[in-house]
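The values are calculated or read from the model by the stated rules, or taken from the named source; none is laboratory data. A quick note: this is a predicted structure, and the numbers were derived from the prediction, not measured. When we count neighbours, we look across all protein chains shown, and the Cβ atoms used for this are built from the backbone with ideal geometry, even at glycine. Heads up: the accessible areas ignore ligands, DNA and RNA and are worked out on the full protein's heavy atoms, side chains in. Shrake-Rupley method; radii C 1.70, N 1.55, O 1.52, S 1.80 Å.
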Amino acid sequence: MQKGNIGVTTENIFPVIKKFLYSDHEIFLREMVSNAVDATQKLKTLQQKGDFKGELGDLTVRVSMDADKGTITISDHGIGMTEDEIDKYINQIAFSGVTDFLEKYKDTANSIIGHFGLGFYSSFMVAQKVEIVTKSYKEGAKAVKWSCDGSPAYEIDEAEREDRGSDIILYIDDDCKEFLDKYKLEQLLNKYCKFLAVPVAFGKKTEWKDGKQVDTDEDNIINNVEPLWTKAPSTLKDEDYKSFYRTLYPMSDEPLFWIHLNVDYPFNLTGILYFPKIKSNIELQRNKIQLYCNQVFVTDQVEGIVPEFLTLLHGVIDSPDIPLNVSRSYLQSDREVKKISTYITKKVADRLKAIFGEDRKQYEEKWDDLKLFINYGILSEEGFYDRAKEFALMKDVNGKYFTFDEYKTLIEASQKDKDDTLIYLYATDKEEQYSYIKAAEDKGYSVLLLDGQLDVPTIQTLEQKFEKSRFTRVDSDIIDRLIVKSDAPKSDLSQEESDNLSAVFKSQLPNLDKTEFMVQVDALGAEARPVIITQNEWMRRMKEMSRFQQGMNFYGQMPDSFNFVLNSDHPLVKRVLADSKAATEEALKPIQSELKGQEARLAAIQQQQEKKKYDELTQEDRDQKSEAEKAVQAEKDKMQQIFADYAKTNDVVHQLIDLALLQNGMLKGEALDRFLKRSVDLIK
């Protein structure tokens, strides 16, 4: 028997391992099984080179559990180890000292294991004692047993073992007993070892017999040794790709498209990426790409390896050039990883361009699901627009699809304003904005439908990319001001008539939460609607963008601001103006006379005080001006009250307001009920 201490410079490595790897302690199983697979692969390589003449036999790696003994055993029939090799590979750990260890690698378990080759020692995260029973493939080799109880002390002794290979026996610690649960162990094997290149067996397959599940003689192989991404694309059919997708994501809808990655220079990379159907929430779709290293699962946190917008894709990436144990900061800074990221972006763009070119009809049918990826890429990835402009589409409200160039050609003749700016009109909801869309189409304009989650944020970028162009929603202004061809016609109302008409309607507008109305009077023509509600494009867009961009919360907190436009050419509006004038003229005369006097007084005070500097004004000066302003406002308030008293009983005013609110989905509850009753009364 040989006894000794593991070659480390710290007094006891194991409490450090346990403490700093504990958050990721389940990876011990990945490390153990991966080591067993490596030992098996090495034997196959030796045979291919002629250095091993024997029979390979059954190469299955077996994982077993004994709950009574409290052990997990990982067995292989690989190359095994001699006593000298145990001393070299197990007993000597290149390790510079506990202080340096803690300072440099305290962030993640993975980085510790990766930097120190501690894959085997990750077993001590869960085990109080570890035994290795091993026999080398070499001629005349003897079986040996190595054991260690979680201290630097170890023992090596002779052992009994007929075949080459190794058994790693873990005596599970009291605080890790959850790993002695069959279902937990199977779950971890499925997670980390599902596609290892050597068969991995865990127990036996079961069958239903005599009213219960019983073991059969057939091994329960938990992995697929030749996953789809390792095969040549030319040998695969569409159903193969769909079937593999169902294996990866059993509850998901069928994918839209897929891309088979296969490159060996300047780096090694294989994999299959799928475009999933995304319902609505982007965040729910992230982290569905699984990263493998030589078929060993590493992580599904792939930010840094693939561009941000492609984290929405599902599937598998396998690259031996990405270390098995990596930290997030490493991925974000490594030059090779950045090359992989650039390659994947190019490959995705090339694939989409090819699909678009080969079968445009199918591509258009899937565009509504696909455009989220394209928009996200345009928004988040520098340079992606230049690739995407060849296969990105626009859809109009009638369901027709256009490339960017095709749509520009379509609208160029009719949708330029007087400043030669090309106006892209769009709607976000065909039903809610129907009347605005119809008004635009009646003018001969085309209207795009931008109803996707990232459509509106994307138009900010498109406005920068398109030359002398602007996007405007169809309900952001009256139709003649959406694309201003010439100076607007002047209203034939006097300023006083416009003010009075505005006052009548403004007095009856509802107080809606976080909503403001600005009343204005315009000559829109006798055939246009009497009242139209519009919302400023810029303000509305800023509010929408605040949901996606940090630092724009200010806009999100602002109330919705709407323009309430009165058409002074419409007979109903003219009627209200005439009625209000007749009903209020006598009551307004003395107030208007007093108002003119107060305004003249205020103007004289302002003119006098303008000659003085601000610090030369006395308190008496300020009080005098304030009193004059209050007197003017008091008379205006009296006028507003007279208009309000008149409008309160005018059904036409209320009906016009409610019709405009109804058109914009703002009429609800009690107000909607009153409108319905009034509508019936007006019909009688």
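Would you call Ser234 open to solvent by 70 Å² or more (accessible area, probe 1.4 Å), under 27 Å from Trp367 (Cα atoms) and of a type in the set (Ser, Thr, Tyr)? Give the derivation first.
On the way: open to solvent by 70 Å² or more (accessible area, probe 1.4 Å): yes; under 27 Å from Trp367 (Cα atoms): yes; of a type in the set (Ser, Thr, Tyr): yes.
The answer is yes for Ser234.
For the range 636-673, how many residues are part of a helix (DSSP H, G or I), over 24 Å from Lys430 (Cα atoms), in contact (Cβ under 8 Å) with a residue 12 or more places away in the chain and not small (Gly, Ala, Ser)?
The number of residues fulfilling the criteria is 13.
For the subset of the range 194-230 comprising residues that are among the small types (Gly, Ala, Ser) and in contact with a helix residue (DSSP H, G or I) (Cβ under 8 Å, 6 or more places away or on another chain), which member is least open to solvent (accessible area, probe 1.4 Å)?
So in the range 194-230, the residues among the small types (Gly, Ala, Ser) come out as 197, 201, 203, 211.
Narrowing further to those that are in contact with a helix residue (DSSP H, G or I) (Cβ under 8 Å, 6 or more places away or on another chain): 197, 203.
Working: Ala197: 27, Gly203: 44 Å².
So, considering only residues that are among the small types (Gly, Ala, Ser) and in contact with a helix residue (DSSP H, G or I) (Cβ under 8 Å, 6 or more places away or on another chain), the one least open to solvent (accessible area, probe 1.4 Å) is Ala197.
Just a yes or no: is a residue in the range 355-371 without any contact (Cβ under 8 Å) to a residue 24 or more places away in the chain and under 16 Å from Asp455 (Cβ atoms)?
no
Here are some conditions: (1) in a loop (DSSP other than H, G, I, E, B); (2) open to solvent by less than 50 Å² (accessible area, probe 1.4 Å); (3) more than 29 Å from Thr60 (Cβ to Cβ); (4) touching a Leu at 6+ places or on another chain (Cβ under 7 Å). Lys277 meets all but one. Which one does it not meet?
Condition not satisfied by Lys277: (2).
Among Ile344, Ile322, Ile289, Ile305, which is under 24 Å from Leu256 (Cβ atoms), in contact with a strand residue (DSSP E or B) (Cβ under 8 Å, 6 or more places away or on another chain), open to solvent by less than 10 Å² (accessible area, probe 1.4 Å) and modelled with pLDDT under 80?
Among Ile344, Ile322, Ile289, Ile305, only Ile305 is under 24 Å from Leu256 (Cβ atoms), in contact with a strand residue (DSSP E or B) (Cβ under 8 Å, 6 or more places away or on another chain), open to solvent by less than 10 Å² (accessible area, probe 1.4 Å) and modelled with pLDDT under 80.
Do we have Val573 as touching a strand residue (DSSP E or B) at 6+ places or on another chain (Cβ under 9 Å), in a helix (DSSP H, G or I) and crowded, with 16+ Cβ neighbours inside 10 Å here?
Yes.
For the range 121-182, give me every one of the strands (runs of 3 or more DSSP E) that falls completely inside it and has 1 or more residues that are among the β-branched types (Val, Ile, Thr) and within 51 Å of the chain's Cα centre (by Cα). First the steps, then the outcome.
Details: elements: 127-135, 144-148, 153-158, 165-172.
Answer list for the range 121-182: 127-135, 165-172.
Restricting the range 451-477 to residues that are assigned to a loop (DSSP other than H, G, I, E, B) and within 15 Å of Trp538 (Cα to Cα), which is modelled with the highest pLDDT?
Among residues in the range 451-477 that are assigned to a loop (DSSP other than H, G, I, E, B) and within 15 Å of Trp538 (Cα to Cα), the one modelled with the highest pLDDT is Val474.
Quick check on Val504: is it open to solvent by 40 Å² or more (accessible area, probe 1.4 Å) and of a type in the set (A, V, I, L, M, F, W, C)?
It is false that Val504 is open to solvent by 40 Å² or more (accessible area, probe 1.4 Å) and of a type in the set (A, V, I, L, M, F, W, C).
Which residues, counting only those in the range 224-249, are touching a Phe, Trp or Tyr at 6+ places or on another chain (Cβ under 6 Å) and assigned to a loop (DSSP other than H, G, I, E, B)?
Asn224, Pro227
Every residue, every condition in (1) among the polar types (S, T, N, Q); (2) open to solvent by 40 Å² or more (accessible area, probe 1.4 Å), yes or no:
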residue: Tyr401; (1), (2): no, yes
residue: Glu412; (1), (2): no, yes
residue: Ile423; (1), (2): no, no
residue: Ala439; (1), (2): no, no
residue: Lys443; (1), (2): no, yes
residue: Gln453; (1), (2): yes, yes
residue: Ile459; (1), (2): no, no
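Against the condition modelled with pLDDT of 90 or more, aliphatic (A, V, I, L, M), assigned to a helix (DSSP H, G or I) and under 27 Å from Thr60 (Cα atoms), how does Leu189 come out, does it pass?
When the stated conditions are applied, Leu189 passes them.
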